[in-house]
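Input: a single structure, listed below in structure tokens.
The values are calculated or read from the model by the stated rules, or taken from the named source; none is laboratory data. What you see is a predicted model, and the numbers here were worked out from it, not measured in a lab. All Cβ positions, even for glycine, are placed from backbone atoms using ideal geometry, and neighbour counts span all protein chains on display.
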Amino acid sequence: MNKVIACIDGSSAAGSVCDYAAWVASRLESPLTLLHVLDKSRYPVENDLSGKLGVDAREHLLSELAELDTRRNKVALEQGALMLEEARQRAVAGGVAEPILRQRHGHLIESLAELEDDTRLLVIGKQGEEHGDGAHDVGDNVERLVRTLHRPILIAQGEFKPPQVVMLAFDSSETTRKGVEMFAASPLFRGLKGHLVSVSKDRQTLSKDLEWAEKTIREAGHDVQCAVLDGEIEPALHQYQQEHGVDMVVMGAYGHSRLREFFVGSTTSNMIKNATVPHLLLR
């Protein structure tokens, strides 16, 4: 469980994914794997026309379709190899000495699940190449990945900017308590300004947990500022992020009570939809 894995495709987010993955791998001193998956749903290996044509016509057409699929798959593989080579050069420029290139023919979720045991952190774009360019849309694969994988997932957003200010959204859940311990211990956040932020009407109940979180982070040598906000969770967090120049958000994929229904719960889902900076989701 030591590799940073970056999902590379033909989407507009691929460059950002590569840059953030190189930044993460360098700070964690972990190997970086650049992964391209040729999706079976787009490039099937066979066509089923049984019962639709006569025997001779069907055999002839199947032969032509098989040849066409072979050519399409070959071109797609070559295109993927070019994407990976461009990503490799970009990662090297970003400080990663020897990125590992991997190409698979299959389904993205299944491929990443097979690599989970060797994954320390996954980097992916908010949208894949098939999802279009809707600024507030979240690709189906992102939600499925969060449900399937039990590894931190960094969702790249926008042009790469080395993070300097990180906000940890804290709700006292087991996941965000682990997030506090990770923030304190991980070299990923060393030297960065931290903001520990909660949204709650019950400040008295939250105060003890927040004190523990602040103490844990400070004792690890981090500079951290705490805040408890009023209002609806997602708008309050977004406003705080913008007002304090936060350029990376860390939050649990699942939280307490009303958050747990969600995607991932509705809060995390909305945070990702409206994201202007990368979000690191914890499991």
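A few points about this structure:
- Test: residue in the stretch 199-213 that is closer than 19 Å to His244 by Cα, touching a residue at least 40 places away in the same chain (Cβ under 8 Å) and crowded, with 18+ Cβ neighbours inside 10 Å: no
- Of all residues in the stretch 68-76, none are basic (Lys, Arg), surrounded by 12 or more Cβ atoms within 10 Å (Cβ to Cβ) and touching a residue at least 40 places away in the same chain (Cβ under 8 Å).
- One residue from Gly179, Gly231, Gly221, Gly194 being in a strand (DSSP E or B) and either modelled with pLDDT of 95 or more or not acidic (Asp, Glu) (or both): Gly194
- Filter pass, Val277 being modelled with pLDDT of 90 or more, assigned to a loop (DSSP other than H, G, I, E, B) and in contact with an Asp or Glu (Cβ under 7 Å, 6 or more places away or on another chain): yes
- Meets criteria (free of Cβ contacts under 8 Å to residues at least 12 places away in the same chain, in a helix (DSSP H, G or I), under 21 Å from the mean Cα position of the chain (by Cα) and within 18 Å of Ser11 (Cβ to Cβ)) for Glu86: yes
- Taking (1) modelled with pLDDT of 95 or more; (2) in a loop (DSSP other than H, G, I, E, B) in turn, Asp171 satisfies each apart from (1).
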